[in-house]
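Undergrad: The structure under discussion is supplied below as structure tokens; questions concerning it will follow.
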Amino acid sequence: MERKGNVIMLQMKMAEELKQIKGRMLKEPPDIIYGNAYQIDTKQAICGILMDMSQKMREDELRVLLSVSDLLAFLYSEWVQSKYEDPAAEVIRKSLKSSVMNLMVLNGTVENETTEKVSGYTIKEGAAKR
């Protein structure tokens, strides 16, 4: 029973931290908010992932997370300082490579079995148009 209670407490802790982040950011001018957009989005993602993970965490893991003040700030700092490349950047990189290839196919630069509209774009006179 203690484990389930700690899962709920951890989820409430993270929800409260996100609420405080939002409250602080809404008091800032738009350029400050824009400048912190990645941090805000990443903290929200960390929170969502950790909420899912908390369902399967051991009691000792839950207790250590509950003991950290400003948990999302700590985890975000760890993420930023990690040696791992941003996985979102890798996804964007792969998508861009695919999009460039699709544009080349539509432009006739590269042969493909079918040349069709890709994501609503067609090629006219060498330029991508919607």
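Undergrad: Is it true that some residue in region 102-116 is within 29 Å of the chain's Cα centre (by Cα), at pLDDT 75 or above, more than 20 Å from residue 38 (Cα to Cα) and not acidic (Asp, Glu)?
TA: Within region 102-116, one or more residues are within 29 Å of the chain's Cα centre (by Cα), at pLDDT 75 or above, more than 20 Å from residue 38 (Cα to Cα) and not acidic (Asp, Glu).
Undergrad: Which members of region 1-26 meet the condition of being without any contact (Cβ under 8 Å) to a residue 40 or more places away in the chain and under 24 Å from residue 59 (Cβ atoms)?
TA: If the condition is that a residue be without any contact (Cβ under 8 Å) to a residue 40 or more places away in the chain and under 24 Å from residue 59 (Cβ atoms), then 1, 4, 5, 8, 12, 15, 16 are the ones that fit.
Undergrad: Something else: Pull up region 65-94, narrow it to residues that are among the acidic types (Asp, Glu) and open to solvent by less than 100 Å² (accessible area, probe 1.4 Å), then point me to the one that is farthest from residue 48 (Cα to Cα).
TA: 90
Undergrad: Looking at (1) touching a Ser or Thr at 6+ places or on another chain (Cβ under 7 Å); (2) open to solvent by 80 Å² or more (accessible area, probe 1.4 Å), which one does residue 8 not meet, given that it meets all the others?
TA: Unmet for residue 8, out of (1) touching a Ser or Thr at 6+ places or on another chain (Cβ under 7 Å); (2) open to solvent by 80 Å² or more (accessible area, probe 1.4 Å): (1).
Undergrad: Okay, next question. Please go through (1) of a type outside the set (A, V, I, L, M, F, W, C); (2) closer than 23 Å to residue 2 by Cβ; (3) open to solvent by less than 50 Å² (accessible area, probe 1.4 Å) for residue 48 and return the number of the only condition it doesn't satisfy.
TA: (2)
Undergrad: Can you name the helices (runs of 4 or more DSSP H) wholly within region 1-114 that have at least 1 residues being of a type in the set (Gly, Ala, Ser) and out of contact with any Gly (no Cβ under 9 Å at 6 or more places or on another chain)?
TA: Filter on region 1-114 gives 2-26, 30-35, 37-54, 71-81, 87-107.
The values are calculated or read from the model by the stated rules, or taken from the named source; none is laboratory data. As the structure is a computational prediction, the values presented were derived from the model and not from experiment. All Cβ positions, glycine included, derive from the backbone under ideal geometry; neighbour counts span all protein chains shown. Note: accessible area is taken over every heavy atom of the protein model, side chains too, but ligands, DNA and RNA are not part of it. Shrake-Rupley method; radii C 1.70, N 1.55, O 1.52, S 1.80 Å.
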